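Right, one structure below, let's go through it.
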Amino acid sequence: MHPLIARYLSPEAARETLEKEKNGELLEPEERLFAQTAAAHPDKRNELVGGKGKRHLSSDAEAAVVFLAAYAATRAIAEDPALKDATQQARKSLESEGASEDETDAFIASILLEEAFGYEEEVESFDSSYVQETLGEVPALAALTREQVDALILGFEKGAKDDSERTVRAHISRALVNIAWGEGPTPINPEHMEALYESEIADKPEAEMEAGLRATVDFLQVLAKEGLIGTQRLSRLRSQLGDEEA
């Protein structure tokens, strides 16, 4: 989890920073980024500040805290020597494909939220290399067209050894694309895999389950060869599926 997200998941810390800014006090670098983010999103700031003094945050205030923390972290990685080049390239690729500034911010924030909360194991440190790899996936994803996706699926089907495997490959690949990329290509994440498993693999006879899992892993490997999934992501997703070779 990025340190800035970890710090500002606490509503008290968030409100304290905004109070310091209001009083004209000197802000630390992280506080400055958070305050800038809150100023750019006054609706979220108002949700957070408006709940001051209440014992429990409303759902809207809780969402505002997470939103502001994640978006502040997107500003932080743009200044991080290890991540600023990858962040800049990811932004340029999204903008070149017509994404607005808000859409670009949301895309990058989603990457940081996935790193923070997307996996079952709790990791206190920030996995900078994983975020860097994921940012590196963005140019290929941003440029991906429907025609290219269809070609990938068709090639995957043709690689089957028989009609039975071809049918499973066609079904699984199309299902995953619809789940993960129904609203445009994004990094394939554990939520996508869980949705695929629940809808297309779970509760099937054992042989069908094994065939579905095998087709899923094979398709992920195809996407990895195309630069649409990084090596670390591929390993994590395969492990999620129980693939012992991950």
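The values are calculated or read from the model by the stated rules, or taken from the named source; none is laboratory data. No experiment lies behind these values; they were computed from the predicted model shown. All Cβ positions, even for glycine, are placed from backbone atoms using ideal geometry, and neighbour counts span all protein chains on display.
Applying the selection to region 1-42, what residues are free of Cβ contacts under 8 Å to residues at least 60 places away in the same chain, in contact with a helix residue (DSSP H, G or I) (Cβ under 8 Å, 6 or more places away or on another chain) and of a type in the set (D, E, K, R)?
Arg15, Lys20, Glu21, Glu30, Glu31
How many residues does region 83-100 hold that are more than 22 Å from Phe126 (Cβ to Cβ), in a loop (DSSP other than H, G, I, E, B) and not polar (S, T, N, Q)?
So the count comes out to 3.
Is one or more of the residues making up region 130-147 part of a helix (DSSP H, G or I), within 22 Å of Met193 (Cα to Cα), within 13 Å of the chain's Cα centre (by Cα) and of a type in the set (Asp, Glu)?
The answer is yes; a qualifying residue exists.
Would you please name the residue that is nearest to the chain's Cα centre (by Cα), looking only at residues in region 164-214 that are of a type in the set (Lys, Arg) and surrounded by 15 or more Cβ atoms within 10 Å (Cβ to Cβ)?
Per the criteria, the residue is Arg174.
Restricting attention to region 157-185, which residues are within 28 Å of Val131 (Cα to Cα) and at pLDDT 95 or above?
Ile172, Ser173, Arg174, Ala175, Leu176, Val177, Asn178, Ile179, Ala180, Trp181
Based on what the data block shows, is Glu31 in the same structural domain as Leu113 (by TED's automatic domain parsing), of a type in the set (Asp, Glu), over 27 Å from Tyr119 (Cβ atoms) and modelled with pLDDT under 95?
no
Cβ-Cβ distance below 8 Å, separation of 6 or more or different chains: which pairs start in region 177-204 with a residue that is closer than 17 Å to Leu113 by Cβ and end on one that is polar (S, T, N, Q) and buried (at least 20 other Cβ atoms within 10 Å of the Cβ)?
Ala180/Asn189; Pro187/Thr134; Met193/Thr216
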